[in-house]
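The values are calculated or read from the model by the stated rules, or taken from the named source; none is laboratory data. Keep in mind that what you see is a predicted model, and the values were worked out from it rather than measured. Neighbour counts run over all protein chains shown; Cβ positions are idealised from the backbone, glycine included.
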Number of protein chains: 2
Amino acid sequence: MARDGLGVTPQSEDFAAWYNDVVFRAEMVERGPVRGSMVIRPYGYRIWELLQADLDGRIKATGHQNAYFPLLFPQSYMEREAEHVEGFAPELFTVTHAGGKELEEPLVIRPTSETIIGMMMAKWINSHRDLPLLLNQWANVLRWEMRPRMFLRTSEFLWQEGHTAHATADDAIAETMLALGIYNDVAVQIGAMGTVPGEKTPRERFAGAERTFTIEAMMRDGRALQAGTSHFMGTRFASAFGITYTGESGAAELCHTTSWGMSTRMIGGLIMTHGDDKGLVLPPAVAPYQVVIVPIGRAEAPLDAAAELAAGLQLAGIRAHVDDRPQLSPGFKFNDWEMRGVPIRLELGPRDLAAGTALMSRRLTYGQAEGGKEAIPLEAAPGLLTAELAAFQAMLARRAADFRDEHTAVVDTWPEFAAAVAVGWALALHCGGEACEDEIKALTTASPRCIPLAGEPEQGPCVRCGGPSAYGKRVIFGRAY
Amino acid sequence: MARDGLGVTPQSEDFAAWYNDVVFRAEMVERGPVRGSMVIRPYGYRIWELLQADLDGRIKATGHQNAYFPLLFPQSYMEREAEHVEGFAPELFTVTHAGGKELEEPLVIRPTSETIIGMMMAKWINSHRDLPLLLNQWANVLRWEMRPRMFLRTSEFLWQEGHTAHATADDAIAETMLALGIYNDVAVQIGAMGTVPGEKTPRERFAGAERTFTIEAMMRDGRALQAGTSHFMGTRFASAFGITYTGESGAAELCHTTSWGMSTRMIGGLIMTHGDDKGLVLPPAVAPYQVVIVPIGRAEAPLDAAAELAAGLQLAGIRAHVDDRPQLSPGFKFNDWEMRGVPIRLELGPRDLAAGTALMSRRLTYGQAEGGKEAIPLEAAPGLLTAELAAFQAMLARRAADFRDEHTAVVDTWPEFAAAVAVGWALALHCGGEACEDEIKALTTASPRCIPLAGEPEQGPCVRCGGPSAYGKRVIFGRAY
């Protein structure tokens, strides 16, 4: 593999350049031929598969069923819900020809599937007995992207989109919160991210939603990444598409619907939550390789022992990989796997073998001594490494939560606010005015990320204009991806 | 759920009407808004997920890695390989506008991904050390369809497409055969289908392939369904896209590539392999519900016992489902699940409960006494049903293989040929001439399906024109989907 060195721009020097270096050099991604499109290479795709398997299990365990809806639908579908089409029109890809002929009505490529699924729900739901209808789809969606960035903003991305219909608003709100909780659990337990679940301010709502909830995750440059959103639609889409049911009384009632999505953007979130100057750091739960074994020396014995060790680890459910590339030096391999974020590295040379041990190195440590290399007995390796990986996962989650807390400031004055959003998040009271929000954005590039669910009721003057606060709580402001 | 009766057109009366009745009434599928598009409903999609999980495991176990490539690419990519574009041009969907503007170059929606993946392979492969490159993608593809049919021919379908590059032709041929073997194993072991692996005649090759291999499965109307194909591309795509490597000698060499695909068409194949007059019959390996429990009577006890039984079966890895719909009679439920192809049904009423048993019925029997209902002890249910399901799976595979054999005739005369293809397949010698093939098709609607791999070398006169036989073996002719 031809490479112009393994070094990546230090994170502290230029975060954006570091991010680009890492995603390309770790072979996670490649630019596609169309503006903003990406190829997800095996090392990136495996992370998605691991996230996907976990999330899919949680979605199914809460009673949702997967289905698949068409990629293309008539443009007129989008127009049935006024806010929805207004929000998505500028991002649509349009198909005008098929089978060598011009189509009678142009088709759009789905930017999201509320409309086509709404059409189907109207067909499938008749009685209150058909409710709740709990559907989920794993799919690609396309949205024209002016400022593309690998994983974070691409013209095509992969995601799941949950779509549900309920008899009452209360049921639909409960579903919206259930999905949000699933997302937060995946982000924290699997992604080891530092998140805050909350509600979006009205202006940041999904196009067509009555209420939008989000999990906002703090990246290592102090910015916020919207990592998953869950929307309560009220009866808006039900009205637009005629999604009604016959209640027990016999009267026709409008359903209340929800939708919620999590995407390949999460991969970008993982990278920016954990990475450091040396490159990626991957949580074991989503690491394509959790343990890489580097045999030392040209002899057969370490190679054979490495293969045997890997087989033993794999039996214990550990994703272990032997780097047996003959043309590369151990030093090159150490740097390579460090850059690619493998949690634990094992070295296995003739001297280790003679002692019945391997030398273990952790990709990073936090809140404990550096450790350096540690000899571990080969016989006990599966059990020891299972414990090490669990500890590594917990350590990353703690590190991310600490980082989030250390970079979140409760502020009541403008100078405090400006200082806080320069390096992280500000928890402030705000008037809710759009002009005031615009001014804050112009001065600091920060915007309201969410109203944290956990916040205490509070009233007072707006941090910028001094007007009476809205929302009844403090709002998180931050610079966003 | 409003339904106009559960009855389906008898298979023996009108196979096509039976198929349509079954796919819609079993809630596997719904027509999409665009010509030839389909919605795959949960009961159909779950079958796909189960097939997919098995196939994905086999693909990974043989060293392939999953990746994801863009849906859209410039139309000019398709034009680089002359036969490829000629074959696919009439089926392309074209995107002309995005983000509210006309695109400089029209984009096509992938009908298959040889071209975009070829572009990337050319970028990623440098040295012989980068070979073989073994990639797989799970994706949607679009092909304009003039005669759509749910699952079998739809304008959008889901599939996996393997794409690999190798140093030598021998390596690439071995890969082509490896993929074919995986497909045959999935079709037979998981789908319980009656297949014949073979090579396509030149005219039936994939557009751009040097050799195409296929597994042909016999449906219950005697027609052939192409259930998976594997293509050896030689150096055609490597030449078109510049996929080269530096050999050990230092010279630049062209790679040899392959591609292979299996799709949601398999769901149609399963339906038409096993179904009968009463509806679907699903092999346990892909059945969304392997066992359905119908509690009898309005009392709480059978309901509670059914839930407990289902939990015990689920613990044993059985996909068990309790039909507790209060508004429906047991008789309706029996018919419903029979139509939906559930392998085993259990009835649980107060008298069964008192005896500590449940009444078991198999969806069908083959080569054994009808059996009828059988009381099984609740305590032993998990073990007994695990064995029953394995036996049911094996029985279906035997039934399909027997059906294929009983409907395949070795023929040497034209009357024999015509009689054979009217009800199944003919194994005949053929001259390989296109005019002769066209004549056979005009007279019988049968076409060459494949040259079976297992066939013995044989020469002689063409079954139609008497000219010297081609291919060195007998060819399977049949009517095809």
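Among the residues of the stretch A:47-67, write down those that are among the hydrophobic types (A, V, I, L, M, F, W, C) and surrounded by 16 or more Cβ atoms within 10 Å (Cβ to Cβ). A:Ile47, A:Trp48, A:Leu50, A:Leu51, A:Leu55, A:Ile59, A:Ala67 - these are the residues of the stretch A:47-67 that are among the hydrophobic types (A, V, I, L, M, F, W, C) and surrounded by 16 or more Cβ atoms within 10 Å (Cβ to Cβ).
Note on the stretch A:354-410: among residues that are buried (at least 19 other Cβ atoms within 10 Å of the Cβ) and of a type in the set (D, E, K, R), the one that is farthest from A:Leu303 (Cα to Cα) is A:Arg404. Of all residues in the stretch A:331-346, those being of a type outside the set (Val, Ile, Thr) and either in the same structural domain as A:Gly191 (by TED's automatic domain parsing) or crowded, with 22+ Cβ neighbours inside 10 Å (or both) number 6.
For the residues A:Ala354, A:Ala375, A:Ala358, A:Ala409, the requirement of being touching a residue at least 40 places away in the same chain (Cβ under 8 Å), small (Gly, Ala, Ser) and away from every other protein chain (no Cβ under 14 Å) singles out A:Ala358.
Candidates B:Leu328, B:Leu384: the one that is touching a strand residue (DSSP E or B) at 6+ places or on another chain (Cβ under 6 Å), in the same structural domain as B:Ile293 (by TED's automatic domain parsing), closer than 19 Å to B:Tyr289 by Cβ and not aromatic (Phe, Trp, Tyr) is B:Leu384. Against the conditions (1) touching a residue at least 40 places away in the same chain (Cβ under 8 Å); (2) within 26 Å of B:Val8 (Cα to Cα); (3) assigned to a helix (DSSP H, G or I), B:Met395 satisfies every one except (1).
Per-residue answers, yes or no, for (1) over 21 Å from the mean Cα position of the chain (by Cα); (2) among the hydroxyl-bearing types (Ser, Thr, Tyr):
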{"position": "A:Glu439", "(1), (2)": "yes, no"}
{"position": "A:Ala442", "(1), (2)": "yes, no"}
{"position": "A:Ile451", "(1), (2)": "no, no"}
{"position": "A:Pro457", "(1), (2)": "yes, no"}
{"position": "A:Cys462", "(1), (2)": "yes, no"}
{"position": "A:Cys465", "(1), (2)": "yes, no"}
{"position": "A:Pro468", "(1), (2)": "yes, no"}
{"position": "A:Tyr471", "(1), (2)": "yes, yes"}
{"position": "A:Arg474", "(1), (2)": "yes, no"}
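Of the residues making up the stretch A:122-135, those that are outside any helix (DSSP H, G or I), at the interface with chain B (Cβ under 8 Å from one of its Cβ atoms) and more than 21 Å from A:Gly261 (Cβ to Cβ) are A:Asn126, A:Ser127. Quick one: would you say A:Gln393 is at pLDDT below 95, out of contact with any Cys (no Cβ under 8 Å at 6 or more places or on another chain) and not hydrophobic (A, V, I, L, M, F, W, C)? Spelling it out, it is not the case that A:Gln393 is at pLDDT below 95, out of contact with any Cys (no Cβ under 8 Å at 6 or more places or on another chain) and not hydrophobic (A, V, I, L, M, F, W, C). Against the numbered list (1) touching a Cys at 6+ places or on another chain (Cβ under 7 Å); (2) part of a loop (DSSP other than H, G, I, E, B), B:Cys436 comes up short only at (2).
Checking each residue of the stretch A:68-79 against the condition of being surrounded by fewer than 24 Cβ atoms within 10 Å (Cβ to Cβ), more than 10 Å from every other protein chain (Cβ to nearest Cβ) and acidic (Asp, Glu) gives at least one match. Would it be correct to say that A:Val85 is buried (at least 21 other Cβ atoms within 10 Å of the Cβ) and either in the same structural domain as A:His166 (by TED's automatic domain parsing) or closer than 30 Å to B:Pro90 by Cα (or both)? No; evaluated as a whole, the condition is false for this residue. B:Gly242 fails exactly one of the following numbered conditions: (1) over 30 Å from B:Arg153 (Cα atoms); (2) more than 29 Å from the chain's Cα centre (by Cα); (3) buried (at least 18 other Cβ atoms within 10 Å of the Cβ). What is the number of that condition? Answer for B:Gly242: the failing condition is (3).
For the stretch B:12-46, the candidate set comprises residues that are of a type in the set (Gly, Ala, Ser) and buried (at least 22 other Cβ atoms within 10 Å of the Cβ); within that set, the residue that is modelled with the lowest pLDDT is B:Gly36. If you check B:Ala98, B:Ala122, B:Ala139 for being crowded, with 22+ Cβ neighbours inside 10 Å, in the same structural domain as B:Gly250 (by TED's automatic domain parsing) and of a type in the set (Gly, Ala, Ser), only one passes: B:Ala98. Note on the stretch B:171-240: enclosed strands (runs of 3 or more DSSP E) holding 1 or more residues that are of a type in the set (D, E, K, R) are B:195-199, B:211-218. Taken over the stretch A:247-258, the criterion of being buried (at least 22 other Cβ atoms within 10 Å of the Cβ) and either assigned to a loop (DSSP other than H, G, I, E, B) or of a type in the set (Val, Ile, Thr) (or both) is satisfied by A:Cys255, A:Thr257, A:Thr258. Among the conditions (1) among the polar types (S, T, N, Q); (2) without any contact (Cβ under 8 Å) to a residue 40 or more places away in the chain; (3) outside any loop (DSSP other than H, G, I, E, B), B:Thr386 misses just one, which is (2). Got at least one residue in the stretch B:431-443 being crowded, with 20+ Cβ neighbours inside 10 Å and either touching a Gly at 6+ places or on another chain (Cβ under 7 Å) or farther than 18 Å from B:Tyr481 by Cα (or both)? No, the stretch B:431-443 has no match at all. Among the conditions (1) within 24 Å of B:Ile271 (Cα to Cα); (2) of a type in the set (Gly, Ala, Ser); (3) part of a helix (DSSP H, G or I), B:Ala380 misses just one, which is (1). Among residues of the stretch B:36-63 being among the aliphatic types (A, V, I, L, M) and in contact with an Asp or Glu (Cβ under 9 Å, 6 or more places away or on another chain), the one that is farthest from the other protein chains (Cβ to nearest Cβ) is B:Met38. The set of residues from the stretch B:338-350 being hydrophobic (A, V, I, L, M, F, W, C) and within 19 Å of B:Ala391 (Cβ to Cβ) comprises B:Val342, B:Ile344, B:Leu346. The number of residues in the stretch B:97-121 that are in a loop (DSSP other than H, G, I, E, B) and at pLDDT below 95 comes to 2. When A:Trp144, A:Trp138 are checked against the criterion of being assigned to a strand (DSSP E or B), within 11 Å of chain B (Cβ to nearest Cβ) and within 27 Å of A:Tyr19 (Cβ to Cβ), A:Trp138 stands alone in meeting it. Considering only the stretch A:93-108, state which residues are more than 7 Å from every other protein chain (Cβ to nearest Cβ) and either among the aliphatic types (A, V, I, L, M) or in contact with a helix residue (DSSP H, G or I) (Cβ under 8 Å, 6 or more places away or on another chain) (or both). Across the stretch A:93-108, the qualifying residues are A:Leu103, A:Glu105, A:Pro106, A:Val108.
Out of the residues in the stretch A:400-419 that are in a strand (DSSP E or B) and among the hydrophobic types (A, V, I, L, M, F, W, C), state the one that is nearest to A:Gly269 (Cα to Cα). Once the filter is applied, the top-ranked residue is A:Ala409.
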